[in-house]
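Colleague: Below: one structure in structure tokens.
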Amino acid sequence: MLSPEVEGGFELARPLDLRLTLSLLGYGPWIRRGDGGVCFATRTPAGAATIHFHRQNGSVVTKAWGPGAEWAVAHGPAVCGADDDDSGFASDHPLVARLRREIPGIRMPRTHAVFEGLVPTVLGQQVTSEEARESYRYLVNALGEAAPGPFALKLPPPPQALARTPYWAFHRFGVERRRAEVIIRAARSAKRLEEIVTMDLASAYRRMQAFPGIGPWTAAKVAMVALGDADAVPIGDYHLPHSIGYAFEGTPRSSDERMLEILEPFRGHRGRVIRLIIAAGIAAPRFGPRKPLRNIVNR
């Protein structure tokens, strides 16, 4: 195996489940899970990098390849949720207390990669999760390049490449004009998007939602992974209100308004509660036929 350009690591002060914590990074040619570790390809401010995290006793060993290797290792603890402060997350609610005991290692990551978090999130607007995953997988395979290191990963395409891609070229990835143009406009202003990592959360949300096509749902999904926002609540999600209502009240159908009421006692950690519910596999029963995948290549 090719020797890493930079190695590092950090001691674990709290339980950590790498797979669950980094599940927000998705599944595709940019990431690999196995052998007790997780590796993924990313574009850091210092350049492209592949970073590998591996649990070893009471610590995490970090290895990285590529021009951005040093940056990636330095920010590795934040990516793994080492900066995630859940000290104020106290609840006597029986469900939440039980899930915290059963899933103690799920942390809120902070990747600092805003644009990388935005593209797959925009692809998830108003389509099925399966369709969004397939679109992003095709996009990365087609427009990304080989990542540094030994893992045969693909880098997500850089904003410069997406900025000059015409909207109709996204059709082959199953993406219609509206979502394509949101991505293209964001790519052309990627620097302003990446600046939000230096802002407080309220300012970061305002900056994101100032971009056309980026609303509360998209901003919350991006903030949950790129900024480590433990309070992020994706308003407007098709399934999430039903899952929260079902988990806490046993109701098969709910609403954004009721979901916010249920989550209000956990303010500051509402995103953390959402992640626990999802990790536990709690979901409301679904009725009716599944929404079919669309083919818009010739549209």
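Colleague: Gap in Å between the Cα centre of the range 104-122 and the Cα centre of the range 1-69?
Modeller: 14 Å
Colleague: Quick one: dipole size for the range 6-84, taken about the Cα centre, charges +1 on Lys/Arg Cβ and -1 on Asp/Glu Cβ, in debye to the nearest 20. Could you put the intermediate results ahead of the total?
Modeller: Values: 7 positive and 7 negative charges, 53 e Å.
For this selection, approximately 260 debye.
Colleague: With θ taken as phi - 60° and the coefficients 6.51, -1.76 and 1.60, list the Karplus ³J(HN,Hα) couplings across the range 48-61 in order, rounded to whole Hz; mark glycine and proline as x.
Modeller: With the stated coefficients, the range 48-61 comes to 5, 7, 10, 10, 10, 10, 9, 6, 9, 6, x, 9, 10, 8 Hz.
Colleague: Relative contact order of the chain: what whole-number percent is it, with Cα pairs under 8 angstrom and at least 6 residues apart? Let's see the in-between values first.
Modeller: On the way: 521 pairs, mean separation 52.9, N = 299.
About 18 percent, as a whole number.
Colleague: In whole Hz, with x marking every Gly and Pro, tabulate ³J(HN,Hα) for the range 188-198 from phi via Karplus 6.51 cos²θ - 1.76 cosθ + 1.60, θ = phi - 60°.
Modeller: 6, 10, 4, 4, 5, 5, 5, 5, 5, 5, 9
Colleague: Say R0 is 30 Å: what FRET efficiency, to the nearest 0.05, do residue 35 and residue 101 get from their beta-carbon distance? Please list the in-between numbers first.
Modeller: Values: r = 27 Å, r/R0 = 0.92.
It comes out at approximately 0.65.
Colleague: Going by average Cβ neighbours within 10 Å, how do the peptides 100-109, 164-173 rank, with the highest at the top?
Modeller: Per-residue Cβ counts within 10 Å, averaged per peptide and sorted highest first, yield 100-109, 164-173.
Colleague: Here's another thing I want to ask about it. Spelling out what I want: for every residue of the range 85-101, take phi, set θ = phi - 60°, compute 6.51 cos²θ - 1.76 cosθ + 1.60 (Karplus), and round to whole Hz; glycine and proline get x.
Modeller: Coupling constants for the range 85-101: 9, 10, 4, x, 8, 10, 8, 9, 5, x, 5, 5, 4, 5, 5, 5, 5 Hz.
Colleague: Sum -39500 (n - 2.57) across every DSSP H segment of at least 4 residues in the chain, then divide by the residue count to get the 222 nm mean residue ellipticity, nearest 500. Could the numbers behind the result be given before it?
Modeller: Values: 14 runs with 118 residues, N = 299.
Value at 222 nm, helices only, nearest 500: -11000 deg cm²/dmol.
Colleague: Over the range 6-84, what is the mean sequence separation of C-alpha contacts under 8 Å (at least six apart), divided by residue count, expressed as relative contact order in percent? Can you show the working numbers first?
Modeller: Details: 135 pairs, mean separation 26.5, N = 79.
Once normalised by length, the contact order is 34 percent.
Colleague: Say each of residue 191 and residue 85 gets a label point 7 Å from the Cα, pointing the same way as Cα to Cβ; how far apart are those two points in nm?
Modeller: 3.2 nm
Colleague: Hey, another quick one. Amide H neighbours of residue 235 under 5 Å, counting only residues 5+ apart in sequence or on other chains, H built in-plane at 1.01 Å?
Modeller: It is 217, by chain and number.
Colleague: Along Cα→Cβ, 7 Å out, is where each label goes; now give me the distance between the ones at residue 151 and residue 200 in nm to one decimal.
Modeller: About 3.6 nm, to one decimal.
Colleague: For residue 89, what residues show an amide H to amide H distance below 5 Å, using hydrogens built from the backbone and excluding near sequence neighbours?
Modeller: Under 5 Å from the amide H of residue 89: no residue qualifies.
All of the numbers you see were taken from the coordinates with simple rules; none came from a lab. For clarity, every value in this text was computed on a predicted model and none was experimentally measured. For neighbour counting, all protein chains shown are included, and Cβ atoms are generated from backbone atoms with ideal geometry for every residue, glycine included.
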